1. Taking the stated definitions as given, is B:Glu104 touching an Asp or Glu at 6+ places or on another chain (Cβ under 9 Å) and part of a helix (DSSP H, G or I)?
2. What is the residue count in segment B:208-224 for residues that are at pLDDT 90 or above and either out of contact with any helix residue (DSSP H, G or I) (no Cβ under 8 Å at 6 or more places or on another chain) or assigned to a loop (DSSP other than H, G, I, E, B) (or both)?
3. In this structure, does B:Thr148 turn out to be closer than 21 Å to B:Ala232 by Cβ and among the hydroxyl-bearing types (Ser, Thr, Tyr)?
4. Mind checking whether some residue in segment B:87-107 is under 30 Å from A:Asp38 (Cβ atoms) and not acidic (Asp, Glu)?
5. Of the conditions (1) closer than 30 Å to A:Ser136 by Cα; (2) within 14 Å of chain A (Cβ to nearest Cβ); (3) out of contact with any strand residue (DSSP E or B) (no Cβ under 7 Å at 6 or more places or on another chain), B:Pro165 satisfies every one except a single condition; which number is it?
6. Restricting the search to segment A:1-14, which residues are surrounded by 11 or more Cβ atoms within 10 Å (Cβ to Cβ) and not basic (Lys, Arg)?
7. Considering B:Ile186, B:Ile152, B:Ile86, B:Ile99, which residue is touching a residue at least 12 places away in the same chain (Cβ under 8 Å), over 21 Å from B:Leu246 (Cα atoms) and either of a type in the set (Ser, Thr, Tyr) or more than 14 Å from chain A (Cβ to nearest Cβ) (or both)?
8. Could you tell me which of the residues B:Gln234, B:Gln290 is part of a helix (DSSP H, G or I), under 28 Å from the mean Cα position of the chain (by Cα) and surrounded by fewer than 17 Cβ atoms within 10 Å (Cβ to Cβ)?
Amino acid sequence: MFQAHYKLERYSVGLVIAIIIAASIGGIVEIAPLFTIDQTVEEAPGMRVYTPLELAGRNIYVREGCYACHSQMIRTLRDEVERYGPYSLAVESQYDHPMLWGSKRTGPDLARIGGKYSDQWHVAHLENPRDVVPASIMPAYSFLARTQLRTDDLSMHLTALKKVGVPYTDSMIEKAVEDAYGQAAPFSALADGVVTRYGDATHIRAFDGDPGSVSEMDALVAYLQIIGRLTDAAHEQKSSGDAE
Amino acid sequence: MGVIERDPHTGHGTTGHEWNGIKELNTAVPWPIWAFLIATVIFSVVWWILMPAWPLGDTYTKGLLGADVRQNVATDLKSAEEKRSIWASRIEKEELSAIMSDSELMQDIRETGHALFGDNCAACHGARAEGGPGYPKLTDSAWLWGQTPDAIFETIRAGVNSGHPDSRFSQMPAWGRDQMLDRKAIIDVSAFVKSLSDANKGGNGSPEQLAAGQKIFVDNCASCHGSDAHGAHQTGAPDLTDNTWLYGGDAASIYESIYNGRQGHMPAWESRLSNADRKILMIYLLDLGQNSP
């Protein structure tokens, strides 16, 4: 058996075929499960999509590398569930492209951060983390509040996500810029459009405390406040698990 | 197979090829490596049989051991719950005074409460509940919504301005920004408010200014803060005569609070923490307040 490759190595076509077979096994093991992903990911019929403002915040989260220190994945371990909340389900990141599960926790996990703290806290914390958490080693992101959010490319971001399966409608794509402004300006006429397109549960607030403009702080806080709240599937799973 | 040719110096076989006069030894793979490879292959086959391994369309091979991480975590949580229920069930049933006089039970509450507080409350209220600008200190007696156990428990459950259906609601209007009071009026009433907690009752204002400020206070502020400025738990309006200042008690901070208004936000914890956990936190805070200097 250990000598078989002496024979194989002398026939180039045979060797090529053997290499293809060996490499395919690795490929199949990785790719085949994706063919049935629709059946293995949990159902979450009422799941909403990220609004343009939240999506912009998500892009800032990626740009600033937040994922390098914060995971968004609560594992099926008792200490994690007790500290952070119900463990993460695959369906919760079905609209995340790319997913931001992360693999390192210098800071805490953020999968259930949405709604845990107030907007004011997030703004104060991003301005200077030491102001609210004296022991924090997180960098300050005070420039976010001073930086106007770039909105002209939001429609393109929505279009790209639609191509990979996020159910954005044509009107969502068309009105992306207006919706980004409307979500951070509760008293403007634009806010009504956000509710119409994204539902009553959408957070419409001046996230950074300044309703007059849309800053990167608005976008990032809007994103932080929606993490883990696109669907209640994980909480339902938990309560049905309790009943068993 | 080619002709096995032996290297005269080492005695090992060569590959039989020759490249520009150089021949290559064909040293055999050492046996420990073969042994290791074979052992891992055998282990993986055993593991496939024992543990969940192969995907089969919309299901997978479950494995003989029936391991399931989701079930494991549910079991772990349940057994932890049962272990805790020895003392936690007493918290739900017994009278508060009985709980707080039981030193053994209070030790459990302090330990669990400390962890719960650290995970959930410390981000705003500080690790030792000392508070900060905009976030109340929880170890003093200046409670915006009342210091009774029921009031504290309700604040934890429903939050303040939280969006919870039973949320407490409180807003200090933006008197200046929304043009209800002009600049001079705000300066006058700021001076009056500052004088209320001033030891010598004079503050920095002239008697005329304080009189003008008092009139503005009675007309505008007394409905929430009370005519004696002691605040009210129903509206969450703070007592302005004590030395506790949520947003700062210097003239500039008071002016800022009146000009731009304030609207604090405390999240509701009903959906995040169990009834028992919230009660533990409530008792933890009462205990912390009692034992603080």
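1. no
2. Of the residues in segment B:208-224, 7 are at pLDDT 90 or above and either out of contact with any helix residue (DSSP H, G or I) (no Cβ under 8 Å at 6 or more places or on another chain) or assigned to a loop (DSSP other than H, G, I, E, B) (or both).
3. yes
4. no
5. Every condition holds for B:Pro165 apart from (1).
6. A:His5, A:Tyr6, A:Leu8, A:Glu9, A:Tyr11, A:Gly14 - these are the residues of segment A:1-14 that are surrounded by 11 or more Cβ atoms within 10 Å (Cβ to Cβ) and not basic (Lys, Arg).
7. B:Ile99
8. Testing whether each residue is part of a helix (DSSP H, G or I), under 28 Å from the mean Cα position of the chain (by Cα) and surrounded by fewer than 17 Cβ atoms within 10 Å (Cβ to Cβ) leaves just B:Gln290.
The values are calculated or read from the model by the stated rules, or taken from the named source; none is laboratory data. Just so you know, these numbers come straight off a predicted model, no measurement behind them. Here the Cβ is made from the backbone with ideal geometry for all residues, glycine too, and neighbour counts use every protein chain on show.
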